[in-house]
Structure formats: C-alpha cells, structure tokens
1. Out of the strands (runs of 3 or more DSSP E) lying entirely within the stretch 200-259, which hold 1 or more residues that are without any contact (Cβ under 8 Å) to a residue 40 or more places away in the chain?
2. Look through the stretch 22-59, keep the residues that are at positive phi and near ligand 1 (Cβ under 7 Å from one of its atoms), and return whichever of them is surrounded by the most Cβ atoms within 10 Å (Cβ to Cβ).
3. Does Pro86 meet the test of being near ligand 1 (Cβ under 8 Å from one of its atoms), open to solvent by 10 Å² or more (accessible area, probe 1.4 Å) and not charged (D, E, K, R)?
4. Return the residues of the stretch 198-214 that are closer than 21 Å to Leu174 by Cα and either among the small types (Gly, Ala, Ser) or open to solvent by less than 30 Å² (accessible area, probe 1.4 Å) (or both); say none if nothing qualifies.
5. Out of (1) surrounded by fewer than 19 Cβ atoms within 10 Å (Cβ to Cβ); (2) out of contact with any Pro (no Cβ under 9 Å at 6 or more places or on another chain); (3) farther than 30 Å from Ser29 by Cβ, the odd one out for Gly231 is which?
6. Among the residues of the stretch 165-178, count how many are farther than 22 Å from Thr42 by Cβ and at pLDDT 95 or above.
7. Report yes if Leu99 is modelled with pLDDT of 95 or more and open to solvent by less than 10 Å² (accessible area, probe 1.4 Å), otherwise no.
8. Among the residues that make up the stretch 32-51, is at least one of them in contact with a strand residue (DSSP E or B) (Cβ under 7 Å, 6 or more places away or on another chain), at pLDDT below 95 and among the acidic types (Asp, Glu)?
Amino acid sequence: MTSRPVTGPTVPGVVTAAPPLSFAGVTRSFGRSRAVDAVSLTAGPGVVGLLGPNGAGKSTLLRIAATVLAPDRGEVRLLGLDPSRPDERLEVRRRLGYLPQAPGLYPGFTPFDLVDYVAVLKEHTHAARRREEVRRVLVSVGLEDDMHRKIRRLSGGTRQRVALAAALLGDPDLLVLDEPATGLDPEQRLRLRSLLSQARTVVMATHHIAEVSSVCHEVHVVLGGRVHFSGPPAGLAALAAGRVWEDDRPDPRAVHSWLTPAGTHRHVGEPPAGAALVAPTLDDGYLLLTAEARR
Ligand SMILES: Nc1ncnc2c1ncn2[C@@H]1O[C@H](COP(=O)(O)OP(=O)(O)OP(=O)(O)O)[C@@H](O)[C@H]1O
Ligand SMILES: [Mg+2]
C-alpha cells in the first residue's frame, strides 16, 4: 500500500491519528460563483451534520469529501490520505461510501443487480462473498422483499434506500451522505438513525433538524459557502439563549417570527423589555443564525 497516514503529535511523544476528514481553506467556484469559500472543518468518528439553506454549498462540500470534485484551493485529507494524489485517491475510494443528493439508478436493473454492479466496481471480486455482502446491505435498509423487483417499479423512498444500500457496501470507514432521509417514511428514518449510529465516520447533509439533534454529535451550519457555526447541536440551540420569546401578536422587532401550532407567535432576536422568554431549541438557534447572516 502506498498510503501515507497523516499523524501529528499533540503531546510530546504521543502520536494521534489524523481525523477521518479534514478540510483546510477549501474553496471551489463554478464560473464566477464561489460555492465553497475557504472552508476549514474536521470530522472525527461519529455522525457530523451539515445544515444550511438551499444553495449554501453543502453538496459541493460533500462531493469534494467523496472525491467526486476537486477543490480549486485548500487542503483535503480523507482517512489521513491526500485525494489529490491518484494512488491515495484510489485508496480513499475503496474505503468510502457516498450517497449523492440525486442518485442516478438504472431503472431496468433490480436493487440486487444495481448494488452488485457497484460492488464489482468497488472490487469485491469474490463472487459468493460479494453476493452475501449485497444481500446484507439491502436487508439492512429493509429491502429484503423488493431486492429483485425492477427499480422503475419502486417508490421514491424505496429507490433512495437502494442508493443508501450501495453507499453502505463494505462497511466504509467514511460515509458521505447527501440528504439520506429524503423520501423515507418515519419507520425507515428510525432505521436510518440506527444504521448511522453503527457507522464509523459519517458526514451528512440534511434539512431535518430533528435528524441532527437525534444522531449528530457535531453540526456545521453552512451559509453562502462558508461555515458560520461548528459545534455540538446543543451549542447551536444555545446561540438563541435569552433571545426567544412568545407573544399573542407578531413582533416586528424580531429578526424572525412565525406562528406556532399552538396559535402563539414565536420570535427570535433581541427581546423587548418584559418579553416572555422561552427555552431555545435547535430550530431557534439555526433560524437566528441564518436570519442574522442574511442581514
Ligand atoms: N455543477 C455546477 N455548476 C454550476 N453551479 C453549481 C454546480 N453545482 C453547484 N453549483 C452552485 O453552487 C452553489 C452551491 O450548491 P450546492 O448544491 O452545493 O448547495 P446545497 O447547499 O447542497 O443546496 P441544497 O440544499 O439545495 O441541496 C449553488 O449556487 C449552485 O447553483
Ligand atoms: Mg445539496
């Protein structure tokens, strides 16, 4: 193997392993538009979430993390390897699973054929062991009854699970998932959560804040190609501490306000004197951060 694991001593004499994913000053533009702007972040073992509005740059970051796209500038290390070097990129790809945001699936294939095809590409050469692995990942996403039906006959959420199964092949060291919960019913979402908690390192983009609070130990909020918050989900909620209040009427002084199902108006921003403060949630922290960034 030609890999050069990157290690660095943090305490004299003690060598610590590099994080499974590390970006330093990563920038990527499309024409004149900068989709990812000098992003630095690391992901250790566990599930790391990327939150951010449409067009924020999450998928671009994940495509770079999946070695599908190269950055224009900056340094990327995946599993301690440098994906700009062809030999190390190959090694990363062997140990990485990727679920794109819009996975293209051959409609004439069955889930079994498709995942088997991906397994061949991932160099699972021993036929019997490969078939066993293909069955294992398909069963892990609940496709035991549908694995031999044509993909064109499957529902949207079921197709999503086929692509997820392909990403799980070989129990990857690094799992890069772009909105994995899209289209999944509540039962399948719970199944996904338990799959994620068994995986080694997962970097996942999502629009579901509930997903973040239930599975992620760390979250990065991406806005306009930059990371505006990095920390535990509770830290994101804490951004809004003392800055959330409810009232019978909308308050124009709020940075953001919305009507709750209970019929009260919830506000984030600088509360007026005497406001009825309430405990902040992750949604409040996220909305406050995004609304202030837009100002
Ligand atoms: N291949 C491409 N060519 C041109 N522009 C692109 C390309 N891919 C992404 N972009 C642009 O880069 C920016 C970031 O897009 P990206 O898909 O990374 O956002 P996102 O955060 O994943 O959004 P969403 O939540 O909608 O999935 C957008 O302005 C998008 O139009
Ligand atoms: Mg996206």
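1. Correct list: 226-231, 244-247, 256-259.
2. Looking at residues that are at positive phi and near ligand 1 (Cβ under 7 Å from one of its atoms), I get Gly52.
3. Details: near ligand 1 (Cβ under 8 Å from one of its atoms): no; open to solvent by 10 Å² or more (accessible area, probe 1.4 Å): yes; not charged (D, E, K, R): yes.
Against the criterion (near ligand 1 (Cβ under 8 Å from one of its atoms), open to solvent by 10 Å² or more (accessible area, probe 1.4 Å) and not charged (D, E, K, R)), Pro86 does not qualify.
4. Across the stretch 198-214, the qualifying residues are Ala199, Thr201, Val202, Val203, Met204, Ala205, Thr206, Glu211, Val212, Ser213, Ser214.
5. Result: Gly231 passes all but (3).
6. 4
7. On the way: modelled with pLDDT of 95 or more: yes; open to solvent by less than 10 Å² (accessible area, probe 1.4 Å): yes.
Spelling it out, Leu99 is indeed modelled with pLDDT of 95 or more and open to solvent by less than 10 Å² (accessible area, probe 1.4 Å).
8. No, the stretch 32-51 has no match at all.
The values are calculated or read from the model by the stated rules, or taken from the named source; none is laboratory data. All values derive from a computational prediction rather than experimental measurement. All Cβ positions, even for glycine, are placed from backbone atoms using ideal geometry, and neighbour counts span all protein chains on display. Ligands, DNA and RNA are excluded from the accessible area calculation, which covers all protein heavy atoms including side chains. Shrake-Rupley method; radii C 1.70, N 1.55, O 1.52, S 1.80 Å.
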